[in-house]
1. Confirm whether M227 is among the hydrophobic types (A, V, I, L, M, F, W, C), touching a Gly at 6+ places or on another chain (Cβ under 8 Å), buried (at least 17 other Cβ atoms within 10 Å of the Cβ) and under 22 Å from R98 (Cβ atoms).
2. On the given criteria, is S226 in contact with a Pro (Cβ under 7 Å, 6 or more places away or on another chain), within 22 Å of S154 (Cα to Cα) and in contact (Cβ under 8 Å) with a residue 60 or more places away in the chain?
3. Show the residue pairs meeting these rules: Cβ distance below 7 Å; 6+ apart or different chains; first residue within the stretch 201-222 and on the phi > 0 side of the Ramachandran plot; second residue of a type in the set (G, A, S) and part of a helix (DSSP H, G or I).
4. State whether the residues of the stretch 123-139 include one that is among the aromatic types (F, W, Y), in contact with a helix residue (DSSP H, G or I) (Cβ under 9 Å, 6 or more places away or on another chain) and closer than 26 Å to L247 by Cβ.
5. Select the strands (runs of 3 or more DSSP E) contained entirely in the stretch 154-237, then report the ones holding at least 2 residues which are closer than 24 Å to A77 by Cβ.
6. Residues of the stretch 169-223 being of a type in the set (K, R), over 25 Å from I38 (Cβ atoms) and loosely packed, with under 14 Cβ neighbours inside 10 Å, which ones?
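The values are calculated or read from the model by the stated rules, or taken from the named source; none is laboratory data. Bear in mind the structure is a predicted one, so any value in this text is a computation, not a measurement. Don't worry about glycine lacking a Cβ; one is built from the backbone with ideal geometry, like all the others, and counts go over all protein chains shown.
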Amino acid sequence: MRAFLCIFLFYTSLLLAGEEPKSALRFGLQINYQPFHISNPREGYPGIDVEIARLLANFLEKEAQFKFFSVKELLTAVQSQKIDIALGGISSNLERGRRVLFSDPYLIDSHAALLNRRRLPPEPDNNTFPGREFSRLEDLQHFSGLSIGVMKDSTNHLALRNGSEYQSHTIRPYSHRPTMIEDLKAQRIAILAGDNTFIRTLLLRDKELLSSFVYLRSRKNEEHLSMAVHLDQLELLIRINFFLKELRRTGRLEEIRRRYQEDGSWIP
């Protein structure tokens with residue numbers, strides 16, 4: 001009885017003050033997937049997805065709550081309605097679109113990689129035939145036998161498995177990014193593949209990497225990073241798309257992207 005009275009007085013005080021408690025909007029993210037979520041952020045740099053989620057919650061007049069999952073778990077969490085919206089740097093595709101509804105993209109990305117310079121083919125002995133320039137991920141088709149690290153079940157993993165230009169290489173899927181990065185630096189894998197934003201983040205954090213690794217970017221496999229909601233949440237999806245359109249129109253989306261993709265001030 002006493003507990004009930006306390007709750008009653010709390011809500012009564014809010015109503016008398018002209019306010020109602022905000023309901024929560026549950027967002028799913030990948031934990032410490034920099035720069036989308038940063039576990040120990042600098043002031044004003046919580047991560048791309050966290051910033052966008054907070055702006056969306058404010059627009060919908062709700063409180064933002066965050067839960068953390070792997071990419072595969074994020075979509076399952078949306079389907080089981082453990083969360084309302086998934087971000088987490090996830091990209092849309094046809095297979096995933098059967099399971100959830102995807103918003104318009106808030107960031108358009110591509111596939112990229114870092115290649116150990118020691119594994120490049122040797123330059124020709126004379127200048128008659130210039131050596132091949134390796135600048136694109138698809139250039140890997142011109143040699144073979146390399147080990148490629150990639151996050152398991154990601155769209156990058158799918159693209160490597162299905163791409164004919166990668167069939168002569170060994171694909172090693174990882175469950176943890178820090179282990180994959182460690183293996184690249186220790187030369188246990190020759191190539192690390194991932195989203196361009198992720199690769200650029202590695203280079204922002206450690207500019208010395210370019211002295212040992214070649215930055216490769218894909219000519220194809222455009223990534224549309226979007227929010228995902230339950231198949232029954234069409235009304236919510238419409239409101240999200242309106243919100244994203246306004247952020248894009250006002251330049252706010254571009255401002256957020258540039259602060260994390262082109263400037264290293266956010267790095268803890």
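1. Working: among the hydrophobic types (A, V, I, L, M, F, W, C): yes; touching a Gly at 6+ places or on another chain (Cβ under 8 Å): no; buried (at least 17 other Cβ atoms within 10 Å of the Cβ): yes; under 22 Å from R98 (Cβ atoms): yes.
Considered against the rule, which asks whether it is among the hydrophobic types (A, V, I, L, M, F, W, C), touching a Gly at 6+ places or on another chain (Cβ under 8 Å), buried (at least 17 other Cβ atoms within 10 Å of the Cβ) and under 22 Å from R98 (Cβ atoms), M227 comes out as no.
2. Numbers: in contact with a Pro (Cβ under 7 Å, 6 or more places away or on another chain): yes; within 22 Å of S154 (Cα to Cα): yes; in contact (Cβ under 8 Å) with a residue 60 or more places away in the chain: yes.
Considered against the rule, which asks whether it is in contact with a Pro (Cβ under 7 Å, 6 or more places away or on another chain), within 22 Å of S154 (Cα to Cα) and in contact (Cβ under 8 Å) with a residue 60 or more places away in the chain, S226 comes out as yes.
3. N221/A159
4. Of the residues in the stretch 123-139, the ones among the aromatic types (F, W, Y) are 129, 134.
Narrowing further to those that are in contact with a helix residue (DSSP H, G or I) (Cβ under 9 Å, 6 or more places away or on another chain): 134.
Those left that are additionally closer than 26 Å to L247 by Cβ: none.
No - not one qualifying residue is present in the stretch 123-139.
5. On the way: elements: 170-174, 191-195, 213-217, 223-225.
Correct list: 170-174, 191-195, 223-225.
6. Across the stretch 169-223, the qualifying residues are R188, R219, K220.
Residues checked against (1) farther than 20 Å from I108 by Cβ; (2) modelled with pLDDT of 95 or more; (3) of a type in the set (V, I, T):
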{"residue": "N196", "(1), (2), (3)": "no, no, no"}
{"residue": "I199", "(1), (2), (3)": "no, no, yes"}
{"residue": "D206", "(1), (2), (3)": "yes, no, no"}
{"residue": "L209", "(1), (2), (3)": "yes, no, no"}
{"residue": "E222", "(1), (2), (3)": "no, no, no"}
{"residue": "L225", "(1), (2), (3)": "no, no, no"}
{"residue": "I240", "(1), (2), (3)": "no, yes, yes"}
